[in-house]
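Worksheet for the structure shown next.
Just so it is clear, none of the values below were taken in a lab; they were calculated from the coordinates. Being a predicted model, the structure only gives us computed values, none of them experimental. Quick reminder, even Gly has a Cβ in these numbers, built from the backbone with ideal geometry, and neighbours come from all protein chains shown.
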Amino acid sequence: MPDSRPGLRLAVQFASTAADLPGRAQVRRWVAAALERDAEITVRLVDADEARALNQDFRHKDYVPNVLTFEYGEIGHDESGRGILGGDVVICAPVVAREAREQRRPLLHHYAHMTVHGVLHLQAYDHLDPADADIMEAREIAILKRFRIPNPYSS
């Protein structure tokens, strides 16, 4: 029986001096769990200066975000003609570490959440209105549960 999981080409870039960054294999597992279609994705772990600059340049917002997602749409097709989604997920290590401390959550759990959150954004999930937020959050909770990570939205 053929493998029904979406195809994934993943690059993980470490552009942060932070300690305790997740490893490439772990990031791959989180991305693959959130993926619903074939994709070519770069996950880049950055420091605050780069995150702020990207947020300013592309969103015209002057603050350091925890995660940014850049969705490029279909960048090609596989051999069967299915579209391949392209995009980047940029995760700001110092913000993730601070949020994990503030929320009293294990750091790797928060990295998992931000990775899944970014990959879902690549696939057009959003949280701007309450109904869409409910759908996206439910999806995040279900994916994280596979890794035995508790609901990040519960107190």
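Nearest 10 degrees is fine. How inclined is helix 24-34 to the longest principal axis of the chain, computing both from alpha carbons? Its long axis makes an angle of about 60 degrees.
Of the peptides 27-35, 74-82, 46-54, the ranking by mean beta-carbon count within 10 Å, highest at the top, reads 27-35, 46-54, 74-82. Straightening the chain between Asp62 and Arg24 buys 10.7 nm, computed as 0.36 nm per residue apart minus the Cα-Cα spacing. Summarising the amide proton neighbourhood of Ile84: residues at separation of 5 or more, or on other chains, whose placed amide H is nearer than 5 Å comprise Ile75, Gly76, His77, Asp78. Rounded to the nearest 10 degrees, the inclination of helix 107-122 to the longest alpha-carbon principal axis of the chain is 50 degrees. Compared with the direct C-alpha span, the chain from Ala15 to Ser80 gains 19.9 nm at full extension, assuming 0.36 nm per residue.
Seen from Arg44, the other residues with C-beta closer than 10 Å to its C-beta sum to a net charge of -2, counting Lys and Arg as +1 and Asp and Glu as -1. When the chain is described by a simple charge dipole with +1 on each Lys and Arg Cβ and -1 on each Asp and Glu Cβ, the residue from Gln13, Val46, Gln26 located farthest towards its positive end is Gln26. In sequence order, segment 38-53 has phi-based couplings of 4, 8, 10, 10, 10, 10, 10, 9, 10, 8, 4, 4, 5, 4, 4, 4 Hz under the Karplus curve 6.51 cos²θ - 1.76 cosθ + 1.60, θ = phi - 60°, and Gly or Pro positions carry x.
Per-residue ellipticity at 222 nm, computed for the chain from helices alone with -39500 (n - 2.57) per DSSP H run of at least four residues, works out to -13500 deg cm²/dmol. Taking Cα centre as origin and charging only the Cβ of basic (Lys, Arg, +1) and acidic (Asp, Glu, -1) residues, the dipole magnitude of the chain rounds to 720 debye.
One compactness figure for the chain is 1.02, namely its Cα radius of gyration divided by 2.2 N^0.38 Å.
Scalar couplings 3J(HN,Hα) for segment 84-97, obtained by applying the Karplus form with A = 6.51, B = -1.76, C = 1.60 to θ = phi - 60°, are 9, 7, x, x, 10, 10, 10, 10, 8, 4, x, 5, 4, 5 Hz; x denotes Gly and Pro. Amide hydrogen proximity for Leu8: with H placed 1.01 Å from N in the peptide plane, the residues at 5 or more positions away or on another chain lying under 5 Å are Ala39.
Each residue of segment 69-77 was assigned a 3J(HN,Hα) from its phi angle through the Karplus curve 6.51 cos²θ - 1.76 cosθ + 1.60 (θ = phi - 60°); the sequence is 10, 10, 9, 9, x, 6, 9, x, 9 Hz, with glycine and proline shown as x.
Take the Cα of Asp134, step 7 Å toward its Cβ, do the same at Tyr72, and the gap between the two points is 3.6 nm.
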